[in-house]
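Visitor: Take this structure, written in structure tokens, and hold onto it; I'll ask about it next.
The values are calculated or read from the model by the stated rules, or taken from the named source; none is laboratory data. Bear in mind the structure is a predicted one, so any value in this text is a computation, not a measurement. Here the Cβ positions follow ideal geometry from the backbone for every residue, glycine too, while neighbour counts run over all protein chains shown.
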Amino acid sequence: MAFKLDALSIRSRVLLLISAMLLPTGGLLFYDRWETERRIEAQAMADAGSAARKIAETQSNLFDNAELVLDLIAALPSARAENAAICQRTLHALIERNPRYAALGVFAPDGNLICASRPAAGVVNPADRDWFQAALRARALAVGEYQVGVLTERPSIGAAKPVMGANGEIESIMYASLNLDWITENIEKTLSPNTEFLLVDRDGTVFSASQPDWLGRHLADHVLFQLMTSRPTGYSQELPGIDGELRRYYFYRFSTSTGDPSVYAAVGLPLAALRQEINRKVAIDFAILGAATLTIVVAGYFLSERMLVQPLRRLAAFSQAVGEGRLGQHTGLAQSADEIGKLAANLDRMSDSLLRAEQEKGRAERFRAAMLDNIADGIVACDANGEFMVVNRAMERIHDEKLVGIPRSAWPKIEVYESDGKTSIPADRLPLHRVLQGEKVSNEELVVKKRGRSRYVLVNGEEIRDHDGQRLGAVVSIREITELRKAEQALRHTQKLEAVGLLSGGLAHDFNNLLSVVIGNIDSLLIRVDDPKQKELLNEALSGALRGAELVKQMRAFARRQHLDPAAVDVAELVQDALAIWKRMLGDDVTVRCDFPEGLWRCVADATELETALLNLITNAWHAMPKGGAITIEACNDHLDAEYASHNAEVVPGPYVRISVSDTGTGIAPDLLPQVIEPFFTTKEPGQGTGLGLSMVYGFIKQSGGHFRIYSELGHGTTVHLYLPQAEQEEEEEGDPAHAPDRGMPVAVAPIADPASCTVLVVDDDEKVRRVATEALGSAGFKIVEAADATEAMAVLKQGRLIDLVVSDVAMPGAANGYDLAAQVIGQFPATRILLTTGFAESAARERARLGAKAVIITKPYRRQELVDRVHRILSE
Amino acid sequence: MKKTILVVDDDGGVLKMTELMLSDGGFNVLVTSSARDGLAVLKAQKVDLIITDIIMPEMEGIELITQLKRDYPVLPIMAISGGGRSHNTDFLKFAKKLGAKVVLEKPFRREALLDAVNRALVG
């Protein structure tokens, strides 16, 4: 597994850093060890060299000095004197001042002692000693081997020099015993502690050594001695010493003044011990370093935990919270003055500003959503992939489902048609598809069908692009115009009926005059003709004219212009009376059921025409059931409220008697239903019906102030509901608006005694006409106020001035004509009378009926006096 | 003695036909084609019954009836109408309210006219 620095925790990194910082210290320790070893070795070499020099110096000094001392003794008369006592004192004094020598003596050539620096323990004769023999033989200074001194009886090296007589004979032998202890001490002084040395004579005997035990040891077979004798001076080698301890030995050889190699020296440095010492020190150093490291690491662990890891964990938790959208939280570290504190403070500020931005965004989003949801048009925006991003409430209402977040693949399945409602639009030509392909859709009218319901919609839409022209998606708005279209259809239908009504009404008037002439003249002719053949022909003609009259009557009924005599009608009674005749007509195949509840109100209608209407409905029902069936005639009390009235033209809210005629016949197709009341519309075979039956019923009901509804299902049957106003009380004796008090002779107009006490408001937009009226009435003595239109007239009245009579033209520009003004005056100023003038006789008749006795209408042109007379009459009433 | 009936109708054909029927019925018949002329006839001679159309130019029957009720309160009035041209007002009903004793819808049969006239003249 590869080591990854990135994968390390902060704490591990800190510890790694600390460890890295301690590495040089460890390195230093190693270097120090090496350096110490090197230094010690150098010191050892220096020591060894120094010891060698000292040994050489001491050796040389010693032997040189020995000759000098021997020569000195030889020269001393006291030493040559026969007086041993004096000689001894002299030699003793010399020894006292010269510690290098253990003893001094003078021997006879035969070896007898002449005198010595100290008294001898017994008989002393060194004639067999090598140094004695050598001195005699060489007749010069001779140095002996390591041996027990003849005088000192201690290990020593003897040196002897003969004293020559005048004729060259040896007189005596001067002898000095070298003090080996002094040599050893002298050398030891120059050496470092623990440095071993040994001096070996040419026979391999140790005569001076740092270890007293080694003195006298014979090393001829020892490797040390072999190296001493075989290696050049200054050579060094590590090897076990006499005691077996490993040392580095430096080898030297010294020569006497005679030049013979006589002394070998070895200086041994205990390097292993030194190394051990060094290692011990280094171990201690490392232990200290280790302890320090451990302390630092532990401290680092806890300090980094407290100072780095914990704050970083909090920062991590904080950043995670922010990442997850939990804004507005704080790190809790901002109080710290260090870099983490500054970072934390910045993050806190960032969190705060993100929260503010989020809140701001949320507020803006709520505003946007509220605006969108309060737009009546449905709005949908999708991204370039067709996923719905924004959908307002109106759009979801149109689709009856939640749409936000729906991808293109799950777009709601809707049937969309062209504005004719029949031509289906394929899915890939739907507005949103086209807009997503870059097309712009402008005010396209479509029909959306969903769950059997059709909605007319006006569609607009275009694609959305960003600043760089990249397509982001598309937006489509849908305005539902179903109600508008329905209202338009209803209006068109109403207008059509109205037009047919107007046409048939206008025709009826003239046709009735024409038919009157035809029928009347035939009638008159019939009484003048006796010939049966001629009478038959005339009767045929009459019959045709009468059929024409009947047709006109039906048209008038539809046009609501028939002559009606409305009265309170008991529907149950009316039906029961007619039922027998109807049943005879229907035969046995059709059953008739009647249902009239107790307490059924009476309604207001022309009883004869109501019976005709019901007969029409029953006939239609019968024709709809060629194989027989059932007809039900029901009635009940009903109330049409304001809400119902607001959706149905010409319905006045209030109590009604509802009469329903149902059949179990073939029914009428839904699309034909609105047409059934149109004149001449029929589903019957030619010759079976005029197409005026339901039109008549409809017109009759409307003229009677009622309401007509038809409900039908194909294959199940049809029900027609007739609503007729409830009869309030027993028929009132209706007032006569032109009630005359007397009959017979014309009534003379009684003028008002004091016209000046009456104020007349003259209203006419034509100033000339108005002037004629004001002059006429002003001359008659009335007080006159003028107004140019209805608004001005109402303003005058509202000023509080008492107006007795308003004389107004009917045809005036503006929102209100004379009739409207009259209606307002009647409603608001009941004491004020009204006289209207109009050139249209027919409308005058109609308005008289509307305004009743409160208003008098005269037709133009009128004579001046006629107006004055009228005013007098009205005001005197 | 023959009763005198004044017929007012702007339609000449109706006027002539009505005159014939009433003459055949044994009445003395006067005809005018306008309300104003009718009023003039009334001022000139005694009439037992006036038959007036409703919709006429210049001065319509309603106005005439109103004036007759005022000026000749006891003169029986009979209104005849074939309906309005452009409004769905029931003029005959209104004429009756204004004081027409009998009303008759156009077109009418001879018998219906004579019956109506008799009813108007009785009482």
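Visitor: How many residues are in a helix (DSSP H, G or I) and either under 16 Å from A:V459 (Cβ atoms) or β-branched (V, I, T) (or both) when one looks only at region A:398-423? Please lay out each step first, then the result.
Guide: Of region A:398-423, the ones in a helix (DSSP H, G or I) are A:398-399, A:408-410.
The next check asks that each one be either under 16 Å from A:V459 (Cβ atoms) or β-branched (V, I, T) (or both); those that pass are A:398-399.
Count: 2.
Visitor: Now, a different point. When you look at A:L458, is it hydrophobic (A, V, I, L, M, F, W, C), in contact with a Lys or Arg (Cβ under 8 Å, 6 or more places away or on another chain) and touching a residue at least 60 places away in the same chain (Cβ under 8 Å), yes or no?
Guide: Numbers: hydrophobic (A, V, I, L, M, F, W, C): yes; in contact with a Lys or Arg (Cβ under 8 Å, 6 or more places away or on another chain): yes; touching a residue at least 60 places away in the same chain (Cβ under 8 Å): no.
Judged against the criteria, A:L458 is not a match.
Visitor: Then there's this: Considering only residues that are of a type in the set (G, A, S) and under 23 Å from A:E277 (Cα atoms), look in region A:1-37 and name the one that is surrounded by the most Cβ atoms within 10 Å (Cβ to Cβ). Don't jump to the end; show me each part of the working.
Guide: Our first condition is that a residue be of a type in the set (G, A, S); within region A:1-37, this holds for A:2, A:7, A:9, A:12, A:19-20, A:26-27.
From the residues that got through so far, the ones that are under 23 Å from A:E277 (Cα atoms) too are A:26-27.
Numbers: A:G26: 15, A:G27: 10.
Filtering first and then ranking leaves A:G26.
Visitor: Collect the residues in region B:25-71 that are away from chain A (no Cβ under 12 Å), assigned to a helix (DSSP H, G or I) and under 12 Å from the mean Cα position of the chain (by Cα), keeping them in residue-number order.
Guide: Result: B:G38, single match.
Visitor: Counting just the residues of region A:559-587 that are within 14 Å of another protein chain (Cβ to nearest Cβ) and under 22 Å from A:V657 (Cβ atoms), which one comes out surrounded by the most Cβ atoms within 10 Å (Cβ to Cβ)? Lay out the reasoning, then the answer.
Guide: If we filter region A:559-587 for residues that are within 14 Å of another protein chain (Cβ to nearest Cβ), which is where we start, we get A:559-567.
Keeping just the survivors that are under 22 Å from A:V657 (Cβ atoms) gives A:560, A:562, A:564-567.
Values: A:R560: 20, A:Q562: 24, A:L564: 20, A:D565: 13, A:P566: 21, A:A567: 14.
This residue is A:Q562.
Visitor: Could you go through region B:41-64 and let me know if any residue there is of a type outside the set (A, V, I, L, M, F, W, C) and free of Cβ contacts under 8 Å to residues at least 24 places away in the same chain.
Guide: Looking through region B:41-64, at least one residue is of a type outside the set (A, V, I, L, M, F, W, C) and free of Cβ contacts under 8 Å to residues at least 24 places away in the same chain.
Visitor: Another question, then. Determine which member of the set A:Y723, A:Y644, A:Y711 is of a type in the set (S, T, Y) and in contact with a Phe, Trp or Tyr (Cβ under 9 Å, 6 or more places away or on another chain).
Guide: On the way: A:Y644 fails: in contact with a Phe, Trp or Tyr (Cβ under 9 Å, 6 or more places away or on another chain); A:Y711 fails: in contact with a Phe, Trp or Tyr (Cβ under 9 Å, 6 or more places away or on another chain).
Sole residue among the options that is of a type in the set (S, T, Y) and in contact with a Phe, Trp or Tyr (Cβ under 9 Å, 6 or more places away or on another chain): A:Y723.
Visitor: Which of the residues belonging to region A:202-223 are touching a residue at least 40 places away in the same chain (Cβ under 8 Å) and farther than 17 Å from A:A51 by Cα?
Guide: A:R202, A:D203, A:T205, A:L215, A:G216
Visitor: How many residues, within region A:502-518, are farther than 19 Å from B:K16 by Cβ and at the interface with chain B (Cβ under 7 Å from one of its Cβ atoms)? Reasoning before the result, please.
Guide: From region A:502-518, those farther than 19 Å from B:K16 by Cβ are A:502-508; that's our starting set.
Of the ones still in play, those that are also at the interface with chain B (Cβ under 7 Å from one of its Cβ atoms) are A:502, A:505-506, A:508.
Qualifying residue count, region A:502-518: 4.
Visitor: In addition: Kindly list the number of the only condition in (1) outside any helix (DSSP H, G or I); (2) within 14 Å of chain B (Cβ to nearest Cβ) that fails for A:V651.
Guide: The failed condition is (2).
Visitor: Given the conditions (1) closer than 16 Å to A:T664 by Cα; (2) out of contact with any helix residue (DSSP H, G or I) (no Cβ under 6 Å at 6 or more places or on another chain), report the number of the one that A:L586 does not fulfil.
Guide: Checking A:L586 against (1) closer than 16 Å to A:T664 by Cα; (2) out of contact with any helix residue (DSSP H, G or I) (no Cβ under 6 Å at 6 or more places or on another chain), the one that fails is (2).
Visitor: Quickly run through region A:293-322 and pick out the residues that are touching a residue at least 60 places away in the same chain (Cβ under 8 Å) and either surrounded by fewer than 13 Cβ atoms within 10 Å (Cβ to Cβ) or not hydrophobic (A, V, I, L, M, F, W, C) (or both). Before the answer, list the steps.
Guide: Of all residues in region A:293-322, those touching a residue at least 60 places away in the same chain (Cβ under 8 Å) come to A:293, A:296-297, A:300-301, A:304-305, A:308-309, A:312.
Listed by number, the residues that qualify are A:T293, A:G300, A:Y301, A:S304, A:E305.
Visitor: Need the failing condition index for A:A108 against (1) touching a residue at least 60 places away in the same chain (Cβ under 8 Å); (2) within 22 Å of A:L76 (Cα to Cα); (3) crowded, with 16+ Cβ neighbours inside 10 Å, just the number.
Guide: If we test A:A108 against (1) touching a residue at least 60 places away in the same chain (Cβ under 8 Å); (2) within 22 Å of A:L76 (Cα to Cα); (3) crowded, with 16+ Cβ neighbours inside 10 Å, just (3) comes out false.
Visitor: Separate question: Can A:I288 be described as within 60 Å of the chain's Cα centre (by Cα) and of a type outside the set (S, T, N, Q)? Break it down into steps so the answer makes sense when it comes.
Guide: On the way: within 60 Å of the chain's Cα centre (by Cα): yes; of a type outside the set (S, T, N, Q): yes.
Criteria met by A:I288.
Visitor: Continuing with the same structure: If B:P76 passes every condition in (1) more than 9 Å from chain A (Cβ to nearest Cβ); (2) under 29 Å from A:M555 (Cβ atoms) but one, which one does it miss?
Guide: (2)
Visitor: Output the qualifying pairs, or none if there are none: Cβ atoms under 7 angstrom, residues six or more apart or on different chains, first residue in region A:714-727 and over 17 Å from A:G599 (Cβ atoms), second residue in a loop (DSSP other than H, G, I, E, B) and of a type in the set (V, I, T).
Guide: Within 7 Å, the pairs are A:G715/A:T666; A:G717/A:T664; A:T718/A:I668.
Visitor: Ok, one more. Among the numbered criteria (1) at the interface with chain A (Cβ under 7 Å from one of its Cβ atoms); (2) under 14 Å from the mean Cα position of the chain (by Cα); (3) part of a loop (DSSP other than H, G, I, E, B), which single criterion is violated by B:L92?
Guide: (3)
Visitor: Follow-up question, since we're still on this one. For region A:1-48, enumerate the residues that are touching a residue at least 60 places away in the same chain (Cβ under 8 Å), under 30 Å from A:L271 (Cβ atoms) and basic (K, R).
Guide: A:R33
Visitor: For region A:364-388, name all the residues that are within 19 Å of the chain's Cα centre (by Cα) and within 19 Å of A:I414 (Cβ to Cβ).
Guide: Those that are within 19 Å of the chain's Cα centre (by Cα) and within 19 Å of A:I414 (Cβ to Cβ): A:A381, A:C382, A:E387, A:F388.
Visitor: How many of the residues in region A:821-855 are in a strand (DSSP E or B), within 15 Å of A:D804 (Cβ to Cβ) and modelled with pLDDT of 80 or more?
Guide: Our first condition is that a residue be in a strand (DSSP E or B); within region A:821-855, this holds for A:833-838, A:855.
Narrowing the set further to residues that are within 15 Å of A:D804 (Cβ to Cβ) leaves A:833-835, A:855.
Within this subset, residues satisfying the condition of being modelled with pLDDT of 80 or more are A:833-835.
The number of residues fulfilling the criteria is 3.
Visitor: Only one of these conditions is not met by B:L20: (1) assigned to a loop (DSSP other than H, G, I, E, B); (2) more than 25 Å from B:F94 (Cβ to Cβ); (3) of a type in the set (A, V, I, L, M, F, W, C); (4) facing chain A (nearest Cβ under 10 Å). Which number is it?
Guide: (1)
Every residue, every condition in (1) β-branched (V, I, T); (2) touching a His at 6+ places or on another chain (Cβ under 6 Å); (3) in contact (Cβ under 8 Å) with a residue 60 or more places away in the chain, yes or no:
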position: A:R366; (1), (2), (3): no, no, no
position: A:A376; (1), (2), (3): no, no, yes
position: A:F388; (1), (2), (3): no, no, no
position: A:V391; (1), (2), (3): yes, no, no
position: A:E396; (1), (2), (3): no, no, no
position: A:K413; (1), (2), (3): no, no, no
position: A:Y417; (1), (2), (3): no, no, no
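Visitor: Which one of these is at positive phi and among the basic types (K, R): A:R231, A:R217, A:R202, A:R139? Let's see the steps before the verdict.
Guide: Details: A:R231 fails: at positive phi; A:R217 fails: at positive phi; A:R202 fails: at positive phi.
After applying the criteria, what remains is A:R139.
Visitor: Something else now. If A:I284 meets every condition in (1) under 17 Å from A:I10 (Cα atoms); (2) of a type in the set (V, I, T); (3) loosely packed, with under 15 Cβ neighbours inside 10 Å apart from one, which number is that one?
Guide: Every condition holds for A:I284 apart from (1).
Visitor: Please find, within region A:519-558, the residue that is farthest from the other protein chains (Cβ to nearest Cβ) out of those that are of a type in the set (V, I, T) and surrounded by fewer than 21 Cβ atoms within 10 Å (Cβ to Cβ).
Guide: Going through the qualifying residues, I end up with A:V529.
Visitor: Then there's this: From the list A:A116, A:A121, A:A93, exactly one residue is surrounded by fewer than 17 Cβ atoms within 10 Å (Cβ to Cβ) and within 13 Å of A:I73 (Cα to Cα). Which is it?
Guide: Values: A:A116 fails: surrounded by fewer than 17 Cβ atoms within 10 Å (Cβ to Cβ); A:A121 fails: within 13 Å of A:I73 (Cα to Cα).
Checking each option against the conditions leaves just A:A93.
Visitor: Could I ask something else about it? Filter region A:482-501 for residues that are without any contact (Cβ under 8 Å) to a residue 40 or more places away in the chain and either more than 15 Å from A:Q675 (Cβ to Cβ) or within 14 Å of another protein chain (Cβ to nearest Cβ) (or both) and give the result.
Guide: A:T482, A:E483, A:L484, A:R485, A:K486, A:A487, A:E488, A:L491, A:E498, A:A499 - these are the residues of region A:482-501 that are without any contact (Cβ under 8 Å) to a residue 40 or more places away in the chain and either more than 15 Å from A:Q675 (Cβ to Cβ) or within 14 Å of another protein chain (Cβ to nearest Cβ) (or both).
Visitor: Mind checking whether some residue in region B:84-97 is over 21 Å from B:V122 (Cβ atoms) and hydrophobic (A, V, I, L, M, F, W, C)?
Guide: Yes, some residue in region B:84-97 is over 21 Å from B:V122 (Cβ atoms) and hydrophobic (A, V, I, L, M, F, W, C).
Visitor: Take the residues in region A:261-274 that are surrounded by fewer than 17 Cβ atoms within 10 Å (Cβ to Cβ) and in contact (Cβ under 8 Å) with a residue 40 or more places away in the chain, then tell me which one is farthest from A:G244 (Cα to Cα). Spell out the reasoning first.
Guide: Quick first cut of region A:261-274, residues surrounded by fewer than 17 Cβ atoms within 10 Å (Cβ to Cβ) only: A:261, A:272-273.
With the extra rule that they be in contact (Cβ under 8 Å) with a residue 40 or more places away in the chain, the set shrinks to A:261, A:273.
Details: A:P261: 27, A:A273: 13 Å.
The selected residue is A:P261.
Visitor: I would also like to ask the following. Of B:G99, B:G82, which residue is on the phi > 0 side of the Ramachandran plot, at the interface with another protein chain (Cβ under 7 Å from one of its Cβ atoms) and in contact with a helix residue (DSSP H, G or I) (Cβ under 6 Å, 6 or more places away or on another chain)?
Guide: Only one candidate passes the filter, namely B:G99.
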